[in-house]
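Here's the structure we're looking at; comments come further down.
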Amino acid sequence: MISLSLFSTIFAVCLSVTAASDDTISLGGGDCIGGTSGSKCIREWTFSGGPGWTGQRATTSGSNRSRMICSPSCQRYGTNTDECLLIVALHGIYSNPNDQQWLMLGSIGPEAFSESATDGGPFCISFHKSKNYPWEYNCSGDDAAHLAAFMEYIVDEFPIDRKAINLHGFSSGAVQTNNLMLTGCPVERLVSAASPYGGGWLMSPPTTKAAYLLAHGTHDNIVPYQFLWDPSRGFATPSCECNGALPVGSVDTCSNHPFSVPLQAERMAAAMATLRGGYDGGVWGEMPEPVSTLDLINDNDCELVKDSCISVVASPPNPWNEDVDCSTLGTNETDVIEYPINDDGGPIKVLRMNIHNHDYPNKRRGTYGAAEYFFYMKKFFNENRGLNLGWGYRSIERIDNRQCLGPVWYNAHTTDPLSITYRNSTFEGVDFVAEDCGNWCREEKRCVEAFYYTYNAGSTKTCHIHYELSPCTNVQAYSAGVRFVATTQPLSPTMAPSPSPSSSGLPSSIGQCESWSLCPVCGTIDSSALAGYSCLDSNGNSVADSNFGYTEAACLGTGPDYTWVSYTCDIADDYLQGVSDEERPYFLEVWQPKCCNSGPQPTTSPTVTSPPSTCPEECAAPDCFFAGKPGPSWWPPEWVGDPNGSPTEDGFCTKFCNEYDPNSNPGKRVCSSTLWDTNGIDCTPCTALVNAPPLPIDERLPSSGLCSTTDDLSGHLLWGKGVRECNNGREPTNDERCTVYQGFNGDEIINPERNCDSFCTHFGLFCINGYDDGEDGCVYGGQGIGCFDRLGVGSIGGPTPDHVCVCGPLLSNSPTATPVSTKAPVPDPTKA
């Protein structure tokens, strides 16, 4: 996403931004609270709308009101650029944002919003209302959609570090947090660290790489601290019965499922650490010894807490209390337990609050100040920015008529929570088909295979997902089953160069580059430029790459035989020749900006279909764009534009291009004709390329699906640069849609309305949806911004010059409607 640094300092204004085709997130307020003002102002904002804005959450006043509060330097349009933490807080059952705010922050004051490094630095914290009394406990409902949309929206409205989005939940909110931190969830990929307090109830652990801080009272009689399998009962037995008022001999209300052992606290941490490697203590074995202690609880009535922890399977005393001695409970009641891990993710810790119940930790700074637990958690978040790293490219193979007979989920789950997780249409109330099961396995990054079954004449459907520690060992034929096998490729080049299709450099005319080229638009590869770093194993095989989030520390920490080696653009170009069409966009996205920015300017072209030109490639979108200027009726007064700007034409600036911010946005230029711009690049020769006819098919860069049959689009001179096919994400290109990144917003010919509807219509298509782009390419997600949004989520102060657009074919009375070129050939400019 390209954004000009031309922001207005407007605080108390309510701005609506499209977050989905029919939903908007609205932000209002911005007043100083807690008696603060001026440079020490702590501001509170309210937000509403967007995906999932329904149920109790739709209440916009009183205790249910969703709000965000920011420390002084983390204000909207503030100067603390991308340095602030975001903490997203989820309340407990039958509770609300107001209650959760009090539990964490007390009465709002300067101390709660300390920006010192010892307290975790500058931050914003948002408090959200659940749709119902409890949260939905899944990652596909309205609660998850609301949280994902909010996170995507708010990081572009405030100076929040995208690698420092954190999630915290209490009780019901903690259960929701754990459910959201499965790698197949849209929220998980946005979160760097999570801290659930008093939650659990998962039958298999969160599979995220994010840093994890689990906090729990050992004598919690609402959400028990621990469950252990009791074969004599055929049920799991909790440490404390989850309703302390029940007499001995009552029905166990905590766990009455015969095929599962819920994971809580230390056991959940052990399961997560085992999945990540490096921890061999076992889920049910002895836990690591504490590394330190903390004082997070005030006035702990130890005897009362112990007596309220009863067991329905034994006469008093509860076996859990056998070694509990209140006289030995010191001031520092909380043990800090760390779990060794072996992958590139964040740390895993447990705060074991000894002889404490379900109540939120209540030791405060001052009588009514913020909780000490809050400060500890915030510091943990600040220390673990950006550690939820990528996984690589995932693919799925489908094999029909198969079932797994080892391990069988209902046997394995009683003793091994690392084996299988499952989804059931009857339990969840959601219908699904086999393809959904395969997609869940592909999105759940630790899944190695999944099995889909139907029962009861197809009315009941299950999807069993196997993790890498427990693949199926006994696959059998079964007519009502489908097996899906997943593979992960690290998306990183090998270090051994392969023969290049050419050793003489690349063609230099727009639209004339070879289809195998790393640099498809008129630039010679800078062969000596640094393309990235690769992590090599002992055999010299690349296992990970810096371009996809991996770090030198993570590589060298993998083992003594791993090395961190740089590679240049010529090696990247060689490697690109052997990758599949499906993988290619991922590599182009990261390598082209590094490898294709230098080389000779285009000169001439040999045919009329590709007009000769001395048009500098810097004059083409998206490198040079129209910033926009006030005037149209839809231009809000608070948007700042370029009053002297000149729209591009057919993707080319035909005036002058000059860098507007060389320090923050090098290589990004605005198109204009002022004296300032004339000091830049002369783009007037590019007039010859405006309205050029589509390139011949044999001269075009690769395209597929609907994009390939839309001549004006895939045959455009800037196909591969100003407009690029997207084969990833929620809506990849196929025969029914053409999904592209396009940098033509505001272009006088292609996209004068600056939205995806205008873009698709120009090429004889209709708009299905639009998305904010990430990093000027096919990185996109969320619910989309719709077809008519000019602003987008990520551009404050004015409309964005680029989007990801999803276009479909126009409907007609004929069986198919194939878009065709509407451009007439133009005369050869040399003969004009």
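Structure summary
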{"item": "Leading residue by the ranking (modelled with the lowest pLDDT) among those in segment 139-158 that are over 15 Å from GLY184 (Cβ atoms) and open to solvent by 20 Å² or more (accessible area, probe 1.4 Å)", "result": "ASP156"}
{"item": "Check on SER116, open to solvent by 20 Å² or more (accessible area, probe 1.4 Å), more than 22 Å from TYR212 (Cβ to Cβ) and more than 25 Å from the chain's Cα centre (by Cα)", "result": "yes"}
{"item": "Subset of segment 28-55 [in contact (Cβ under 8 Å) with a residue 40 or more places away in the chain and out of contact with any Lys or Arg (no Cβ under 8 Å at 6 or more places or on another chain)]", "result": "GLY34, GLY35, THR36, LYS40, ILE42, GLY50, PRO51, TRP53"}
{"item": "Failed criterion for THR614 (all others in (1) of a type in the set (S, T, N, Q); (2) modelled with pLDDT of 70 or more; (3) under 29 Å from the mean Cα position of the chain (by Cα) hold)", "result": "(3)"}
{"item": "Filter result for ILE93 (β-branched (Val, Ile, Thr), touching a Pro at 6+ places or on another chain (Cβ under 9 Å) and open to solvent by 30 Å² or more (accessible area, probe 1.4 Å))", "result": "yes"}
{"item": "All positions within segment 473-495 that are at pLDDT below 90 and farther than 30 Å from TRP564 by Cβ", "result": "THR473"}
{"item": "Residue satisfying condition, being open to solvent by 50 Å² or more (accessible area, probe 1.4 Å), hydroxyl-bearing (Ser, Thr, Tyr), outside any strand (DSSP E or B) and farther than 27 Å from PRO186 by Cα, within set SER73, SER39", "result": "SER39"}
{"item": "Of all residues in segment 334-365 being touching a Lys or Arg at 6+ places or on another chain (Cβ under 9 Å) and acidic (Asp, Glu), the one that is most open to solvent (accessible area, probe 1.4 Å)", "result": "GLU338"}
{"item": "Matching residues in segment 705-734 - criterion: being in contact with an Asp or Glu (Cβ under 7 Å, 6 or more places away or on another chain) and at pLDDT 90 or above", "result": "GLY705, LEU706, CYS707, THR733"}
{"item": "Pairs with Cβ under 7 Å, 6+ apart, first in segment 725-740 and part of a loop (DSSP other than H, G, I, E, B), second among the small types (Gly, Ala, Ser)", "result": "GLY729/GLY781; ARG730/GLY781; THR733/SER704; THR733/GLY705; ASP735/GLY705; GLU736/GLY808"}
{"item": "Complete set of residues in segment 702-719 that are under 22 Å from PRO801 (Cβ atoms) and either open to solvent by 20 Å² or more (accessible area, probe 1.4 Å) or in contact with a Gly (Cβ under 6 Å, 6 or more places away or on another chain) (or both)", "result": "LEU717, LEU718"}
{"item": "Among (1) surrounded by fewer than 20 Cβ atoms within 10 Å (Cβ to Cβ); (2) within 27 Å of CYS767 (Cα to Cα); (3) modelled with pLDDT of 90 or more, the one test that ILE697 misses", "result": "(3)"}
{"item": "Subset of segment 107-132 [aliphatic (A, V, I, L, M) and part of a loop (DSSP other than H, G, I, E, B)]", "result": "ILE108, ALA112"}
{"item": "Residue check for GLU322: within 25 Å of ASN221 (Cβ to Cβ) and of a type in the set (D, E, K, R)", "result": "yes"}
{"item": "Qualifying residue in segment 585-596 (condition: more than 29 Å from ILE341 (Cα to Cα), aromatic (Phe, Trp, Tyr), at pLDDT 70 or above and touching a strand residue (DSSP E or B) at 6+ places or on another chain (Cβ under 6 Å))", "result": "yes"}
{"item": "Evaluation of GLY540 against (1) open to solvent by 30 Å² or more (accessible area, probe 1.4 Å); (2) closer than 30 Å to ALA620 by Cα; (3) modelled with pLDDT under 80 (one fails), failing number", "result": "(2)"}
{"item": "Subset tally (residues that are at pLDDT below 75 and surrounded by 16 or more Cβ atoms within 10 Å (Cβ to Cβ)) for segment 675-694", "result": "1"}
{"item": "Those residues of segment 133-153 which are in a loop (DSSP other than H, G, I, E, B) and either of a type in the set (Phe, Trp, Tyr) or under 15 Å from PHE47 (Cβ atoms) (or both), in sequence order", "result": "TYR133, TRP135, TYR137"}
{"item": "Subset of segment 299-317 that is of a type in the set (S, T, N, Q) and out of contact with any His (no Cβ under 9 Å at 6 or more places or on another chain) - its residue that is surrounded by the most Cβ atoms within 10 Å (Cβ to Cβ)", "result": "SER311"}
{"item": "Residue match in segment 166-184 (condition: assigned to a strand (DSSP E or B), in contact (Cβ under 8 Å) with a residue 60 or more places away in the chain, buried (at least 24 other Cβ atoms within 10 Å of the Cβ) and out of contact with any helix residue (DSSP H, G or I) (no Cβ under 6 Å at 6 or more places or on another chain))", "result": "yes"}
{"item": "Looking only at segment 748-776, and only at residues there that are in contact with a Phe, Trp or Tyr (Cβ under 7 Å, 6 or more places away or on another chain) and crowded, with 23+ Cβ neighbours inside 10 Å, the one that is farthest from ARG189 (Cα to Cα)", "result": "ILE750"}
{"item": "Restricting segment 185-207 to residues that are among the hydroxyl-bearing types (Ser, Thr, Tyr) and part of a loop (DSSP other than H, G, I, E, B), the residue that is modelled with the lowest pLDDT", "result": "SER204"}
{"item": "One residue from SER195, SER171 being under 19 Å from TYR373 (Cα atoms), in contact with a His (Cβ under 6 Å, 6 or more places away or on another chain) and of a type outside the set (A, V, I, L, M, F, W, C)", "result": "SER195"}
{"item": "LEU4, sole failed condition from (1) in a loop (DSSP other than H, G, I, E, B); (2) at pLDDT 90 or above; (3) not polar (S, T, N, Q)", "result": "(2)"}
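The values are calculated or read from the model by the stated rules, or taken from the named source; none is laboratory data. Computed from a predicted model, the values in this text were never measured in an experiment. Methodologically, a virtual Cβ is constructed for each residue, glycine included, from the backbone with ideal geometry; neighbour enumeration extends over all protein chains shown. Heavy atoms of the whole protein, side chains included, go into the accessibility calculation; ligands, DNA and RNA do not. Shrake-Rupley method; radii C 1.70, N 1.55, O 1.52, S 1.80 Å.
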